[in-house]
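Trainee: Here you go, one structure.
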Amino acid sequence: MHDPLVRPLLDELSHEYWTRYQRVLSAEELRAEMEHYPAQDFAAPHGELVLVLEDGEPVAGGAFRRRTEQELGDPARLARQSARRSDGSPAVRTAELKRIWTHSAHRRRGLARLVLAELERRAVERGYRRVYLTTGPRQPEAAGLYLATGYTPLFDTGTDPEEIGPLAFEKWLEVAS
């Protein structure tokens, strides 16, 4: 994500990750995580960046990119869904939501819900029918947001999140007829 308006949000997100995960992630691992996805993954036609601006300054944002069932690592699900189409094309298009963030000075105002809703709306416009995302085990606010907005956890919610690692969620998107 090369948009200069994204930089302040990503810088603060990096600081937040470091604060929460410095005992389990080295600075190098954190940097690698923040640079893991190429910017073009989040560009049209398969991805998009959403920013909320106030007085021209970014206060919240997020992005999505195309995600295949192979990347999601579920061969059984891939086999079930591929069987639905005779032309060999994937039966379900999945968008992966990434870097959903609200600047610390602007939290508790519903901006993350706004960003999620807009990302979902734009994903539907691009033909996606499902969204997938992960959050870290030390981000209970994010997990709570995803549960409150209709996301299904793809993990046992009774297990200590620290034992699970990244917490995966999915949501099937409603498509207007």
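The values are calculated or read from the model by the stated rules, or taken from the named source; none is laboratory data. Source: prediction; values computed, not measured. For neighbour counting, all protein chains shown are included, and Cβ atoms are generated from backbone atoms with ideal geometry for every residue, glycine included.
Trainee: Inside segment 129-152, can you point out the residues that are basic (Lys, Arg) and either assigned to a strand (DSSP E or B) or over 25 Å from residue 92 (Cα atoms) (or both)?
Mentor: 130, 138
Trainee: For residues in segment 136-153 being hydroxyl-bearing (Ser, Thr, Tyr) and farther than 25 Å from residue 23 by Cβ, which is nearest to the chain's Cα centre (by Cα)?
Mentor: Only one residue fits best here, namely 151.
Trainee: Now for a different question. Filtering segment 1-22 down to residues that are over 20 Å from residue 139 (Cβ atoms) and assigned to a loop (DSSP other than H, G, I, E, B), which residue is modelled with the lowest pLDDT?
Mentor: 2
Trainee: Given the structure, is residue 115 of a type in the set (Val, Ile, Thr) and either at pLDDT below 95 or touching a Phe, Trp or Tyr at 6+ places or on another chain (Cβ under 9 Å) (or both)?
Mentor: yes
Trainee: Restricting the search to segment 116-135, which residues are surrounded by 15 or more Cβ atoms within 10 Å (Cβ to Cβ) and more than 11 Å from the chain's Cα centre (by Cα)?
Mentor: Of everything in segment 116-135, those that are surrounded by 15 or more Cβ atoms within 10 Å (Cβ to Cβ) and more than 11 Å from the chain's Cα centre (by Cα) turn out to be 118, 122, 123, 124, 126, 128, 129, 130.
The rows are residues; the columns are (1) in contact with a helix residue (DSSP H, G or I) (Cβ under 6 Å, 6 or more places away or on another chain); (2) of a type in the set (Lys, Arg); (3) under 25 Å from residue 114 (Cα atoms); (4) modelled with pLDDT of 90 or more.
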| position | (1), (2), (3), (4) |
| --- | --- |
| 24 | no, no, no, no |
| 31 | no, yes, no, no |
| 36 | no, no, no, no |
| 47 | yes, no, yes, yes |
| 52 | yes, no, yes, yes |
| 56 | no, no, yes, yes |
| 60 | yes, no, yes, yes |
| 69 | yes, no, no, no |
| 75 | no, no, no, no |
